[in-house]
Amino acid sequence: MLGFVKTNAPDAFGRNLQAYGIDFDQKTKKLVLTLPSGEQLRGEKAVQRISTDSKYAGVLSAAGMDPRFQEAQIRFAEKKLDTALRKHVMIEPKGATSVVVTPKDVLTSELGVALFFDRCVQNGESGARNRL
């Protein structure tokens, strides 16, 4: 998501994150944290520091209040949901034949889409075929 925001709302990303030493390396797909000392932490070390230092937690929280940052997050979520709704999913009911469908073809309510979206958020993307 940070890479998407950096690309699609660079001003908001720069103002809310880069100004405080938080960045995202598009090539390596890793979080980068530049400490006030100039030391750089990358990947898991950067995540660990940001998640345990209240200053950086505050920076992320404040970024979430910026309307441009919010707009980019919403566009990212829409893109992820649309992709998930078009993936092939194998439904394996007990005692019945399995069937492969795309969620967009079988989810008929907003609640169904919301529950599916929640499942995607909780479980992440798991390749070309998901199982239900």
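Tabulated results
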| item | result |
| --- | --- |
| Straight-distance crosslink candidates among lysines, where the alpha carbon sits under 24 Å from Lys30 and sequence neighbours closer than 8 are dropped | Lys6, Lys45, Lys55, Lys79, Lys80 |
| Bins of 5 Å from zero: percent of alpha-carbon pairs in the chain | 2, 9, 16, 16, 15, 12, 10, 9, 5, 3, 1, 0, 0 |
| Assigned charges on the beta-carbon of Lys, Arg, Asp, Glu; the chain dipole about Cα centre (debye) | 360 debye |
| Kyte-Doolittle mean at least 0.0, axial Cα span of 18 Å or more - DSSP H helices of the chain | 110-123 |
| Charge dipole of the chain about the Cα centre (unit charges at C-beta), most positive-ward option of Tyr56, Val5, Met90 | Met90 |
| Value of relative contact order over the chain, rounded to a whole percent, pairs C-alpha under 8 Å and six or more apart | 19 percent |
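Every number in this text was worked out from the coordinates using simple rules, so none of it is lab data. It should be emphasised that the depicted structure is a prediction, and the values quoted were computed from it without experimental measurement. A quick note on method: Cβ atoms are made from the backbone with ideal geometry, for glycine too, and the neighbour counts reach across all protein chains shown.
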